[in-house]
Amino acid sequence: KAHAASMTPGTIVPDVSGVKTDLPEELTAFCAQYGVHYLSAHPMAGKERAGYSVSDEDLYQGANFIMTPLPETPGYVVAQVKNVAHQIGFRRFVITTPEMHDRMIAYTSQLAHVVSSSYVESPVIELESGFSGGSFHDMTRIATMNEDMWTELFLDNAEYLSGELDFLIRSLQAYRDAIAEGDADRLRGLLREGRERKEAIDTEWKDPV
């Protein structure tokens, strides 16, 4: 907002915000006063550690790129931002609404970070050396997240993230009850359902053109 008046009309301003809420609506309208086009985007690529020392020139290679244009956003603005993203390595592009973005990110990104952080709280982790394999490292990798940034992201998307946490807690309770009660049939059914859902998703997913 401090610099919009000095921008050349026709300038395109994308962002890389992890949560959208009312940001696209507010800034699209504000920028329009100066003939500037605002497009909220989200590069789905990152690392569990922050800082220049862990930068990676190949970070975006093959990654997903989300854009949340509004109905009034010109099509050529979306096309130009997509072209820039493609040139720096992104290969799969999704156009959606700000609301759908926040709902999906709560599940595909934020929930995973909460699970990883809570998973490492067990005191048993202090004894894991030599006992862990790929599944442990996959589950704990993102627990080294930047707590300041992720606190802000979680709270900005509290409604959707809380809903996903509620669902996960119910699901975990079902597994816990089946295991504690020695109910092999119920446990087998839960595991089968999880396997079949994952296999179905893997089958439906296709490489972007």
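State whether one or more residues within the stretch 165-184 are within 30 Å of G62 (Cα to Cα), surrounded by 13 or more Cβ atoms within 10 Å (Cβ to Cβ) and in contact with a helix residue (DSSP H, G or I) (Cβ under 7 Å, 6 or more places away or on another chain).
Yes.
Please find, within the stretch 15-43, the residue that is nearest to I142 (Cα to Cα) out of those that are open to solvent by 40 Å² or more (accessible area, probe 1.4 Å) and modelled with pLDDT under 95.
Step by step, filter the stretch 15-43, then rank; the result is V16.
Kindly indicate whether any position in the stretch 30-53 is on the phi > 0 side of the Ramachandran plot and either touching a Phe, Trp or Tyr at 6+ places or on another chain (Cβ under 9 Å) or free of Cβ contacts under 8 Å to residues at least 12 places away in the same chain (or both).
yes
Given the criteria open to solvent by less than 40 Å² (accessible area, probe 1.4 Å) and either under 20 Å from L161 (Cα atoms) or within 16 Å of the chain's Cα centre (by Cα) (or both), does I95 qualify?
It is false that I95 is open to solvent by less than 40 Å² (accessible area, probe 1.4 Å) and either under 20 Å from L161 (Cα atoms) or within 16 Å of the chain's Cα centre (by Cα) (or both).
Give me the helices (runs of 4 or more DSSP H) completely within the stretch 50-159, filtered to those with at least 3 residues that are of a type in the set (A, V, I, L, M, F, W, C) and modelled with pLDDT of 95 or more, ordered by residue number.
In the stretch 50-159, the matching helices (runs of 4 or more DSSP H) lie at 75-87, 98-105, 111-119, 147-156.
Name every residue in the stretch 51-83 that is of a type outside the set (D, E, K, R), more than 24 Å from D22 (Cβ to Cβ) and exposed (fewer than 14 other Cβ atoms within 10 Å of the Cβ), in order of residue number.
G51, Y52, S53, V54, S55, Q61, G62, Y76, A79, N83
Applying the selection to the stretch 151-172, what residues are among the aromatic types (F, W, Y) and without any contact (Cβ under 8 Å) to a residue 40 or more places away in the chain?
F167
Residues of the stretch 112-156 being among the polar types (S, T, N, Q), under 16 Å from the mean Cα position of the chain (by Cα) and surrounded by fewer than 13 Cβ atoms within 10 Å (Cβ to Cβ), which ones?
Matches in the stretch 112-156: T151 only.
The values are calculated or read from the model by the stated rules, or taken from the named source; none is laboratory data. Since we're looking at a predicted model, the values are computed, not measured. Don't worry about glycine lacking a Cβ; one is built from the backbone with ideal geometry, like all the others, and counts go over all protein chains shown. Note: accessible area is taken over every heavy atom of the protein model, side chains too, but ligands, DNA and RNA are not part of it. Shrake-Rupley method; radii C 1.70, N 1.55, O 1.52, S 1.80 Å.
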